[in-house]
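Peer 1: Have a look at the structure that comes next, please.
The values are calculated or read from the model by the stated rules, or taken from the named source; none is laboratory data. These numbers come from a predicted model, not from an experiment. Note that we place each Cβ from the backbone using ideal geometry, even for glycine, and neighbour counts take in every protein chain shown. To get the accessible areas, we keep the full protein, side chains included, count just its heavy atoms, and leave off ligands, DNA and RNA. Shrake-Rupley method; radii C 1.70, N 1.55, O 1.52, S 1.80 Å.
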Amino acid sequence: MQHFLLSAKSRSLSLKAIYKMGEAKAYEAFCQLRWPETGGEAVCPRCGCVESYKITTRRKFKCKGCHHQFSVTSGTILHSRKLDFTDLLAAICLFVTGAKGMSAVQFSRTMDVQYKTAWVLCHKLREALADETDHARLSGEVEIDGCYVGGKVRRANYKNDRLDKRLTGNRSPRRRVVIALRERGGRTLPFVRRSESEGVELARGLVETGSTIIADEARHWDALEWDFKSERINHSEAYSHEGVHTNFVESYFARLRKMVGGQHHFVSAKYLYQYAEHCAWIEDHRTTDIKELAFKLVDAAMAAPKSSKFRSYWQRAQN
């Protein structure tokens, strides 16, 4: 059976098609996704008035009610954007095409923009796509597990100087665990914490009563047996036994490891949660074609408010 990514169906949008579309049609696509209820006609973000003047020379609008000037990206996560709409749509197309993401360095070289422009744009897009699961709850069969990322301690040259990395005191403070809950046939919810045992409270808050939790034999998951039906698999003996396994959540971790190690090479603990959410979004939409993914992300970006962490093309000042 042919893999979906090798099929013609997955290649529904390309950079060539975007640039052939032209700036006017790309701009119209953003308007349609920002204001679908009015057929792409501008709605004032300040007073909600549906009547406005078009300032065509600057692609802006002036509200007839409150006289506020705004653009199609005003008040969204793409506020203060400077890229042309064709470039912005092409960037989003590239962003969703990577099966394991794309590094900001490669992004900047491909789009011919500064590294900080590419880096911040990618983080804004990750922030927007994460809004999809803000209120998600899981039910049915839910797998839970953890994956430690970062904080690798370089081994000393001489054997006698090497430390036992299994001991907590010899580990890096940058080490984090990505705890993922994955509903079979549903969504993946990742969280970044310092200890895998913190996943117990996450499961209690996110999994519906009556669901079945599938986990490995780690002792901290024993506490979930009081709240949910539970199935356990001992990985030292088998990866799957009579239908009991955590292979779906492990497939997410496999993609995350390849994303971090193969694409980004280094991920700061401060932003690890965004890469984890991006990877979960890719995994959950792995059989969705490029065009639908691109427009789904544009729609999310148009609905997301201005970022609290990033502004224009750099980070906001930290208080």
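Peer 1: Is it the case, given these coordinates, that residue 223 is within 15 Å of residue 126 (Cα to Cα), in contact (Cβ under 8 Å) with a residue 12 or more places away in the chain and either open to solvent by 20 Å² or more (accessible area, probe 1.4 Å) or hydrophobic (A, V, I, L, M, F, W, C) (or both)?
Peer 2: It is false that residue 223 is within 15 Å of residue 126 (Cα to Cα), in contact (Cβ under 8 Å) with a residue 12 or more places away in the chain and either open to solvent by 20 Å² or more (accessible area, probe 1.4 Å) or hydrophobic (A, V, I, L, M, F, W, C) (or both).
Peer 1: What pairs come out if I take residues in the range 34-45 that are part of a helix (DSSP H, G or I) and pair them with residues that are not β-branched (Val, Ile, Thr) whose C-beta lies under 9 Å away, six or more apart or interchain?
Peer 2: Sorted first by the residue in the range 34-45, then by its partner, the pairs are 34/40; 34/42; 34/299; 34/302; 34/303; 36/299.
Peer 1: Counting only residues that are assigned to a loop (DSSP other than H, G, I, E, B) and closer than 12 Å to residue 27 by Cβ, how many does the range 59-80 have?
Peer 2: Going through the range 59-80 one residue at a time, the tally reaches 4.
Peer 1: Mind listing whichever residues of the range 218-229 are over 29 Å from the mean Cα position of the chain (by Cα) and of a type outside the set (Phe, Trp, Tyr)?
Peer 2: Matches in the range 218-229: 219, 222, 223, 225, 227, 229.
Peer 1: State which residue is nearest to residue 98 (Cα to Cα) when the search covers only the range 246-261 and only residues that are touching a residue at least 60 places away in the same chain (Cβ under 8 Å) and open to solvent by less than 50 Å² (accessible area, probe 1.4 Å).
Peer 2: Filtering the range 246-261 for residues that are touching a residue at least 60 places away in the same chain (Cβ under 8 Å) and open to solvent by less than 50 Å² (accessible area, probe 1.4 Å), the one nearest to residue 98 (Cα to Cα) comes out as 259.
Peer 1: Report whether or not residue 225 is assigned to a helix (DSSP H, G or I), touching a strand residue (DSSP E or B) at 6+ places or on another chain (Cβ under 9 Å) and within 30 Å of residue 103 (Cβ to Cβ).
Peer 2: no
Peer 1: Does at least one position in the range 39-60 carry a residue that is within 22 Å of residue 294 (Cα to Cα), open to solvent by 80 Å² or more (accessible area, probe 1.4 Å) and acidic (Asp, Glu)?
Peer 2: yes
Peer 1: Right, next: Looking only at residues in the range 7-30 that are surrounded by 15 or more Cβ atoms within 10 Å (Cβ to Cβ) and over 27 Å from residue 41 (Cβ atoms), which one is farthest from the chain's Cα centre (by Cα)?
Peer 2: 15
Peer 1: From 237, 277, 242, grab the single residue that is of a type outside the set (Val, Ile, Thr), modelled with pLDDT of 95 or more and open to solvent by 50 Å² or more (accessible area, probe 1.4 Å).
Peer 2: Sole residue among the options that is of a type outside the set (Val, Ile, Thr), modelled with pLDDT of 95 or more and open to solvent by 50 Å² or more (accessible area, probe 1.4 Å): 277.
Peer 1: Could you pull out the residue among 250, 277 that is within 14 Å of the chain's Cα centre (by Cα) and either within 30 Å of residue 6 (Cα to Cα) or in a helix (DSSP H, G or I) (or both)?
Peer 2: On inspection, the qualifying residue turns out to be 277.
Peer 1: Can you pull out the residues in the range 280-298 that are open to solvent by 60 Å² or more (accessible area, probe 1.4 Å) and outside any helix (DSSP H, G or I)?
Peer 2: 286, 287
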